[in-house]
1. I want to verify a result. In a Gaussian network model of the chain, Cα cutoff 10 Å, which of these has the top mean-square fluctuation: 26, 41, 60?
2. Using a 10 angstrom cutoff on alpha carbons, build the Gaussian network for the chain and name the most mobile of 17, 35, 55.
3. At 222 nm, what value in deg cm²/dmol follows for the chain if DSSP H runs of at least 4 each add -39500 (n - 2.57) and the sum is divided by all its residues, to the nearest 500?
4. Taking just the alpha-carbon atoms of the chain, what radius of gyration and Dmax come out, in angstrom?
């Protein structure tokens, strides 16, 4: 609370929520080189976002490859594993 407004957290949350609207409005009004540069930056942001989402999804998926097979291996194949 020292030196902050009482509604500081709420104001920052709302500002962050409105940020997308501002970006959209700017993107619609940009022309020429500025528009190209903005599109390039946005593309890089999207790529990073997709990578992050994919990493989170891979973390949540449980791998089942380490399980034992349902039927036992034949004796002649056990020697080949080494």
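1. 60
2. Its mean-square fluctuation being the largest, the pick is 17.
3. Taken over the chain, the calculation gives -23000 deg cm²/dmol.
4. 26.2, 77
Rule-based calculations on the coordinates, nothing more; no lab input. Predicted, not measured: the structure shown is a model, and the values here were computed from it.
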